[in-house]
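This report refers to the structure that appears directly beneath it.
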Amino acid sequence: MPDARQFDLVHDRGLTRIWIGADALDRSRAELSDWVRGRRAFVISSAPVRELHGEWLERELSAASAVTALDVADGEAGKTLDTMGRLAREMVAAGGKRDSRLLTLGGGSVGDVGGFAAACFLRGIEYAHVPTTLLAQVDASIGGKTGVNLPEAKNSVGAFHQPRFVIADARTLSTLPRELIRQGLFEVVKAAILADSALFDLLEVRLRELLEPESESLGSVVEAAAAIKIAVVSADEREADRRRLLNLGHTLGHALETCAGHGALAHGDAVGHGMLFAVELALPRGLRDRDAQRIRALVGRLAPARLPSFDPDSLIRAMSRDKKARETGLSWVLPLRVGAAEVVDDLDPALIGELLASFLTGFVESR
Ligand SMILES: NC(=O)c1ccc[n+]([C@@H]2O[C@H](COP(=O)([O-])OP(=O)(O)OC[C@H]3O[C@@H](n4cnc5c(N)ncnc54)[C@H](O)[C@@H]3O)[C@@H](O)[C@H]2O)c1
Ligand SMILES: [Zn+2]
């Protein structure tokens, strides 16, 4: 496997150094040791991930004056204000200071709540992400968004707080169940459609192998997809315009997740359907048939879970309530071709309603 790649993401508070690939942890060793030297390091993880990969990370922290392990529940259950409050109290009890260090070890959920604890504790301490799922490596660990859910709305309390380091070691992915790889690959396909036709070509050739556990190719597609997120975030750290491109498939995807009900439709599957619908919206605007077919075929090979039957109006209402929606209306990310996309704010709501109704019936009937 090729060596890890190093990226520097420059943002308004400085720089995040990111290592991605087969030996990311080895490559980060010297800087990580310097960063924790003589300080307390908090390692926030979940019990299952700590069991799999915790020892390995803790060995790298031997220069710290002390290492305190704090566990949170995986998934949305752990992304709460209560968890954040408990973490902060445990950090005070353990003697945490402004210059203590925090590391998150786990999927996107652990990263979000752990990063939020780092953002809030003593008004913000330095932290590092060590993402261990495909989704966290290509998406959640990059960009500095941290936060928790309220019972009323997902990700509704949070802060921008950029990590000092991201250490995305491909070896941690070897323990992932196949289903989490499949879910994460939807975001990789998204990145390829947005910005990298060579990655799209590679996915077409290698998809079957990528879905196998311990696939040799996973490291290189993770690097390529993460590189796209890094480039977009660097250009536009605070979600003005370019960053909105990352929402390809998510305008409808989030609404599908919401309307399906808590946890009934996985995020990757929802984004898969969202990308298929974006193709329908893009065709009348000039997306070529050949590109539409390639996108449909690749997304189809990831086999997004069958949709329950939805009422188009309730989906449209859910889209307008989404926190990414603006007062001025919905915005859509539409593929221009394989490897390029645009953000469109002026689609006719009647047309969207019509296409959505036929998309939903067409899709449900064809399966
Ligand atoms: N901050 C952001 O920019 C951003 C972006 C996208 C998603 N997210 C958030 O990320 C979360 C989803 O993250 P996720 O998909 O990583 O899921 P997750 O964090 O819920 O983890 C899923 C499961 O994977 C297991 N797991 C983690 N690493 C493993 C490994 N190496 N081997 C075996 N099992 C492992 C965990 O125990 C857990 O059961 C959501 O809460 C979402 O809101 C945040
Ligand atoms: Zn997503």
- Pull out a ≥ b ≥ c, the square roots of the eigenvalues of the alpha-carbon gyration tensor of the chain, then state rounded if a/c is under 1.5, prolate if not and a/b is larger than b/c, and oblate in the remaining case. prolate
- Net charge contributed by nearby residues that have their C-beta within less than 13 Å of ASP8 (K/R +1, D/E -1): +2
- Task: Take the alpha carbon gyration tensor of segment 5-175, find the square roots of its eigenvalues, order them as a ≥ b ≥ c, and report rounded if a/c is under 1.5; if not, report prolate when a/b exceeds b/c, else oblate.
- Result: rounded
- Item | Virtual spin-label span in nm between ALA73 and ALA264, 7 Å along Cα→Cβ | 2.1
- State the extension gain, in nm to one decimal, for the chain segment bounded by ALA303 and ARG89, taking 0.36 nm per residue of separation less the distance between their alpha-carbons. 72.7 nm
- Item | Under-12-angstrom lysine pairs by C-alpha in the chain, whenever the two are 8 or more apart or on separate chains | 4
- For the chain, longest principal axis from Cα atoms; helix 250-260 axis from its Cα atoms; angle between them, nearest 10 degrees, is 90
- Query: Put +1 on the Cβ of every Lys and Arg and -1 on every Asp and Glu Cβ in the chain; which of LEU87, ALA231, GLY253 then has its Cα farthest towards the positive end of the dipole?
  - Reply: LEU87
- In segment 244-305, what trypsin sites (Lys or Arg not before Pro) fall in a loop by DSSP, with at most 14 other Cβ atoms inside 10 Å? ARG288
- Task: Of the DSSP beta bridges with both residues in segment 5-175, give the percent that are antiparallel, rounding to the nearest 5.
- Result: 30
- Charge tally in the Cβ shell below 15 Å around VAL279, where Lys, Arg are +1 and Asp, Glu are -1, VAL279 excluded: +4
- Message: Can you compute the charge dipole magnitude of the chain about its Cα centre, using +1 on each Lys and Arg Cβ and -1 on each Asp and Glu Cβ, nothing else charged? Give it in debye, rounded to the nearest 20.
- Response: 640
- Message: If R₀ is 35 angstrom, what is the calculated FRET efficiency for the pair ARG288 and SER320, using the beta carbon separation as r and rounding to 0.05?
- Response: 0.70
- Accessible area per residue of the chain at 1.4 Å probe, in Å²? 43
- Query: Taking a point 7 angstrom from the Cα of SER65 along the C-beta vector, which residues in segment 81-116 have backbone N less than 13 Å away?
  - Reply: 94-101
- Would you mind counting up the charge near ARG296? Only other residues with Cβ under 13 Å from its Cβ, with Lys and Arg at +1 and Asp and Glu at -1. 0
- DSSP-loop GluC sites (Glu not before Pro) across segment 146-224, with at most 15 other Cβ within 10 angstrom: GLU152, GLU214, GLU216
- Could you give the size of the charge dipole of segment 5-175 about its Cα centre, using +1 on the Cβ of each K and R and -1 on the Cβ of each D and E, expressed in debye and rounded to the nearest 20? 500
- Carbon plus sulfur fraction of accessible area for segment 5-175, probe 1.4 Å, in percent: 51
- Query: What's the center-to-center distance, using Cα atoms, between segment 217-278 and segment 9-76 in Å?
  - Reply: 25
- Query: For the chain, modelled as a GNM with alpha-carbon contacts under 10 angstrom, which of ASP12, ASP269, ASP23 fluctuates the most?
  - Reply: ASP12
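The values are calculated or read from the model by the stated rules, or taken from the named source; none is laboratory data. Everything numeric here is computed off the predicted structure, so don't read it as measured data. Neighbour counts are summed over all protein chains in view; Cβ atoms, including those assigned to glycine, are modelled from backbone coordinates with ideal geometry. Please note that ligands, DNA and RNA were not included when accessible areas were found on the heavy atoms of the full protein model with its side chains. Shrake-Rupley method; radii C 1.70, N 1.55, O 1.52, S 1.80 Å.
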